[in-house]
């Protein structure tokens, strides 16, 4: 009955099993284990090219490390004003970059507006009195649950690369975007110009492992030094890599995401039928913003449903589903909403 | 047959079981889970006072976060020249502290010499032309396998506190020190003046979880902001806390450490009988430095034993045992050494 | 004929004379010279209380050092979106603070809107997922030439202090504000809650010296370490302090500012009479924003007048006067504008 | 009668005159003034190649900015353990580099020992667990008054460049070294591999201006951003550049240094004749370390001579001369020493 975040879910049995299997006998530390190799191979298949991978303990670390590798300290990170890197990481990007500036841009559904980006990538470029536009960070799926289409990403990528900037993707919910669009991971990343991807896994199934996928492999040495220095290079890497290995096996990552998306769609469909409910913005993946009548909010809270409701305008509620959300939970919420709406 | 490091061991079944049990159903994120509470209670019992705890993914993160909370950027960290923070963290303390200076001190067995410390804590104090002595960091057990006695810690603590500095302990192998001395955790930490402890767990049993134990709880808010900003605040904290919870249950942490120590002692005893072997320094815990005849080194490597041998003087070898090291492995190494020594 | 900035003016003879007098014989370094003492006394008189003073080489250094002393790295600096610290210092505040976040607020005439501030000072306070509101920075006079009244400052100061934040003032053109308002320096600073003031002198007369005035003197030790570490503690301090000493003698600083203001007022009055000219915003001090017909802009540039004209909307021009601007220069520009407007 | 430092001297009349001449009429800011151009031309002549130049307010800023441009944050700066960057800048290099590590090396007369350097430049290169050797910093003349010969610099330069590191020179007393050796500035810098030079001027004549000379001009854009961001880009640059311009005119810089060196030599010669005086180390430039009998130290202090005497071993005194030191002052000290030695 928790719809507050997809980070409250546990982990699928496949991942727990893999961890259990990995927990026998010795293994070489610092990424020299067999699961780390396997993950590299699986990601190369998935993205249709050689990639490097670094395991990290949080999405915040993935983003901050990645951005620090893509901008000098006197650079700026162009991102959406509602992005996680801008709002929800306590300045981790500023810490890791040694003080780069996050420049917030607008755009519907937490997607960066291409026209704003066109101006921003060239703003005071080369002027020492101002920070230097250096990297664009897009979130896929966005913080409001929308998904950039391949064409949208290509456009942003072209603007970014034409101006000589780097492109970073916060893919905390990348799986949800892939599942939503049916596009290839390659089309959604490096083919659109993405240099580094925060390949989110925790929200979609793993326990203590996220990853950075490096498309421009010339960045890997710097990223590796930064990761060690940040305290992100684990000794017993196998216990992270085994999780991600299982996550990537037999399509588990996509299956989980598709399920979470389907649960959000079911929620959305059901809420449309509830009197007084207003859908807010796109809900392409597993996040849904809706405006609910206050009695519905109060009633659902009293019923024990958990969700965020007091952070945006009056009546605005965020509902998040996960791989672990059941149809029963969705239907219970819908039933409650219908009951309290009367 | 791996004696290169205690970070190559897997994890005890108790910890794997705990993780499995924790992996069912939803849980609140960011430390609001029941295992986090349990760990706090267990640590309070263990240390005979209220403490705060933060979970981190590596010992390097634990050290760097702790030190950053104990020194201003213009401060200095007084540490042994052979310490992990000085040599093996790629400058993580410098990164986290925004550029504090590590001042290396001498002393036998990688223990800080009290006389050197006495001078260093007052060196150019208050002189803006020089970094300000701010925190002393001791490693317990040390990087060469020695253990500070309670009296030694008290002396260093008194020097530190009399001069108005903070005391930090890198306890990557704290369990080994407690097992070795039979002293209470309290006597080895806050009673000697320790403000913050990197409570190492990974080398001694956990998979992906270490912890910072905060004795001066006024430091906790700053430490919490720093941890989030460093990408060290995990969403699914239960999967770290459950590991540490099991680690602290029924004395598993001490039992593991005592076993590792016993295996090192068995190694040491056995090597004494091998012709041409020279024991180097104290081996109070689970690390042993010895000088071996070159044929013994070559022979053991050819036998498949894994250990570091080319980082120090000629013939100097480091052997590390763990909770998972078996008597059979130790005896096999001893047999091999005896054979190659002839 | 330069109206682009007040930083193109030379220096008054009084300051050059003082420097010449200071340049004889030896003097103790690092602020132990007699002029440094004299400046402290003069500032104490001026501000009606004991203050500390640090000399710096630029206004950017003054602001960045001051802000770094007033916010932790995980804090936020609330400032106007058009402020110098936000736009024109290449991220110096982010560098000096080790990555604090500048949060841009709105408000007319580049003054912070009190209602926006009221929300911002409490935004996600104490939430580790977000930067912590820590310091408010106001620019007096503002970047568009407006001046906060004493009442306006008191209001912002009360909002700031009620929420437990620090108050910083970028006084790059503080003299102009004092001259414009006729209020006491005390009323405009610490009586309104200001903790630290960047006391701008370069734009108003000195050559290579600016100063930080410290009202909360408990901040001075930290500020002194930060200044040294930033390379801002000069050896031959007398050559900075002598400049500021002369600047503060016999009201030179205020006389200079009053003259610059008068020249801006003369410009404004004259431009009102030019057909097609639109005055934009308040011009309380020595900066004037106007919209000019394009032929007037082109004509003045062709005449050799220097000013910024392509940074804002079409036709928008910034004109800045200084202590060195003459009535003849102003009248020449007015005559030219009148001629080209026909 | 001040022998404590060369930073207590005033400025020669030529520099004051130049400043006076520069102080008339407007000038373009931020280095677009004619004196900045002139300095670039004079330095190009002096160093026999095109160079870039940035003006800074202190030698500490020059060093810290230069080093930050030559090492990544995870790099190490190899320097002598007695160097100014290591001891006397309150961690400015650590601040500017975002936490690089200064690795102290030994060697007589505060010169880096080539054998130690040979080991250090390759120490754990490419190992992410350790900071990466990145730049070597030599001080010319050294902090104890010795001067590297051209051959010595070539050797250090070759070791540095063969290992792929950068070479930085702290030339706070570069003029003294040139005057002492009679070698060309080119031979002492870029021909030996120096990438960036802190071209010290303040100790040898200027009032508020030092400079960074860039031999590898590809570094200039980064250095320029860093300088602005550090608050080191002055608006009224002409008041710095005019000082350096005069300093470089008609050999003033070398004449001043030769005079300071001659005064030190005179001191050294005279002290040899004083009973109980022991000369310590080379005194190639304007710094002299000697061991004096305690009555001599006490007597000279009582006579009003100022010098450092309690920072090193018992009886060790540092005597520094400058361009402003007179033969009469030197002879007075010698007479006093002779008198007190009886």
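Structural remarks
- Rounded to the nearest 500, the 222 nm mean residue ellipticity of the protein assembly as shown from helices alone is -12500 deg cm²/dmol, with -39,500 (n - 2.57) taken per DSSP H run of at least 4 residues.
- Ranked for footprinting exposure by Cβ neighbours inside 10 Å, fewest first, A:312, A:74 give A:312, A:74.
- If a spin label sat at a point 7 angstrom from the Cα of residue C:342 along the line to its beta carbon, the backbone N atoms of segment C:252-274 nearer than 19 Å would be those of C:270-274.
- Among A:235, A:260, A:175, the largest mean-square fluctuation in a Gaussian network model of chain A, built with springs joining Cα atoms closer than 10 Å, belongs to A:235.
- Our note on the geometry: Cα centres of segment D:246-280 and segment C:24-42, 27 Å apart.
- Inter-copy spacing of residue A:123 label points, which lie 7 Å from Cα along Cα→Cβ, given in nm from shortest upward: 1.5, 4.5, 4.6
- Top of A:57, A:130, A:36 by mean-square fluctuation, Gaussian network on chain A, Cα under 10 Å: A:130
- Each DSSP beta bridge with both residues in segment A:120-230 is either parallel or antiparallel, and the antiparallel ones are about 30%.
- If R0 equals 22 Å, the separation of the Cβ atoms of residue B:328 and residue B:308 corresponds to a calculated FRET efficiency of about 0.50.
- Per residue, the average separation of C-alpha pairs within less than 8 Å and at least 6 apart gives chain B a relative contact order of 23 percent.
- Extension gain, residue C:118 to residue C:301: 0.36 nm times the residue separation minus the Cα-Cα distance gives 61.5 nm.
- Calculated label separations, residue B:338, copies of the chain, 7 Å along the beta-carbon direction, nm: 8.0, 8.1, 11.3
- Note on C:184-196: average number of Cβ atoms from other chains within 10 Å of each residue's Cβ is 0.
- Taking A:129, D:84 and counting other C-beta atoms within 10 Å, the order from fewest to most: A:129, D:84
- Principal axis extents of the C-alpha atoms in segment D:212-308 (largest first, rounded to whole Å): 56, 30, 26.
- Bridges between two residues of the protein assembly as shown, per DSSP, are antiparallel at a rate of about 45%.
- Förster radius 25 Å - calculated FRET efficiency between residue B:272 and residue D:127 (Cβ-Cβ, nearest 0.05): 0.15
- Residue order, fewest to most beta carbons within 10 Å, for B:339, D:318, C:266: B:339, C:266, D:318
- Segment B:1-23 versus segment A:43-114: alpha-carbon centroid distance in Å: 33
- For chain A, Kirkwood radius (reciprocal of mean inverse C-alpha pair distance, Å): 20.6
- Label-point spacing at residue C:308 relative to the other copies reads 3.7, 4.4, 5.5 nm, in ascending order, each point sitting 7 Å out from Cα along Cα→Cβ.
- Antiparallel DSSP beta bridges within chain A, as percent of all bridges there, nearest 5: 45
- For the protein assembly as shown, the share of alpha carbon pairs falling in successive 20 Å distance bins from zero is 10, 35, 36, 16, 2, 0 percent.
- Springs between Cα atoms under 10 Å define the GNM used for chain B, and in it the highest mean-square fluctuation of B:63, B:87, B:286 occurs at B:87.
- Dimensions (Å) - segment A:114-248, Cα atoms, principal axes, largest first: 46, 36, 25
- Chain A Cβ-axis minimum, rotational copy C, residue and distance in Å: A:99, 2
Any read-out appearing in this document is the output of simple, stated calculations on the displayed coordinates, not a laboratory observation. Treat the numbers as computed from the prediction; the structure is a model and nothing was measured. Note that each Cβ is placed from the backbone with ideal geometry, even for glycine, and that neighbours are counted across all protein chains shown.
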